[in-house]
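Values quoted throughout were computed directly from the atomic coordinates according to the rules given, and no laboratory measurement underlies them. Because the structure is a prediction, the values reported are computed rather than measured. Every residue, glycine among them, receives a Cβ derived from its backbone with ideal geometry; neighbour counts consider all protein chains shown.
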């Protein structure tokens, strides 16, 4: 898939179901976002959860009730169709994965777009820092941790992290670069021994794909926007819809502009 597609072109290809695969590297230079859709009755609890856990849940946009258009970050886009793949949860149970949610949309739905670490990868690549899952054409590996999020209303749970392995010299530069992107999870929350944050087998991620870790490389862990999915499993709302891990919404916001948000 051509990485030089514009955000609107990627969204259109998602709408026609010509893109149903993970989005790392697509529309290079533009912000990618996690998606959570909830009924209005529990939307404030979730917004408070995001406010209390900004590393994992940096909010980029919130839609008007019943309106699937994210007017702030992608005017004229449609959250019902413009992602490659969605997850449907009912009462905390994952029911299915689908390529659109037009038939599931409700008049009381509120959509949340949350910053994604894919957005700082362009800056890493521009600095000649390798991103292993892009090199291997895989989804980023993601792990549940023993780090608890701050609860809010019905929502609570453990932090999920994404991992990128780097040699020590590149790791220091990656920390410096990603710290400039607080709306894309910012600097890593941990690096080094994964067992210190409850990851017992780094070769078996909870979400995404296992990737190569070369001898001497340090695994770096960033807060991940899949964290809300863990909170949804515990909160058990009547219905919730999210992106499928790695299958993000691509906004019209340039990654470089996130440093000013």
Worksheet item: Expressed as a whole number of Å, what is the distance separating the alpha-carbon centroids of the range 82-138 and the range 34-71?
Response: 14
Worksheet item: So how tilted is helix 168-178 from the main axis of the chain? Cα-based, degrees 0 to 90, rounded to 10.
Response: 30
Worksheet item: Ranked highest first by the average count of other Cβ atoms within 10 Å around their residues, in what order do 77-89, 209-221 fall?
Response: 77-89, 209-221
Worksheet item: Along each of its three principal axes, how wide is the spread of alpha-carbon positions in the range 111-180, in whole angstrom units, largest first?
Response: 43, 28, 25
Practice prompt. Treat each spin label as a single point 7 Å out from the Cα along the C-beta direction, and report the residue 102 to residue 212 distance in nm.
Written response: 4.2
Response to the item:
Counting all Cα-Cα pairs in the range 1-107, those more than 17 Å apart amount in percent to 59
Practice prompt. For the range 132-223, restrict the atom set to alpha-carbon positions and state the Rg and Dmax in Å.
Written response: 13.4, 44
Discussion item. On C-alpha positions alone, give me the angle between the axis of helix 40-52 and the longest principal axis of the chain, in degrees, nearest 10.
Written reply: 20
Worksheet item: For the chain, what is Rg from Cα atoms divided by 2.2 N^0.38 Å, rounded to two decimals?
Response: 0.93
Item to complete: Would you mind calculating the gained length between residue 201 and residue 90 on full extension (0.36 nm times residue separation, minus the Cα-Cα distance), in nm to one decimal?
Response: 37.0 nm
Item to complete: Return the inverse of the average 1/r over all pairs of distinct C-alpha atoms in the range 60-118, which is the Kirkwood hydrodynamic radius, in Å to one decimal.
Response: 12.4
Discussion item. Using C-alpha positions alone, give me the convex hull volume of the range 199-244 per residue in cubic angstrom.
Written reply: 94
Worksheet item: So what is the calculated 222 nm ellipticity per residue for the chain, using -39500 (n - 2.57) for each DSSP H run with n of 4 or more, over all residues, to the nearest 500 deg cm²/dmol?
Response: -6000 deg cm²/dmol
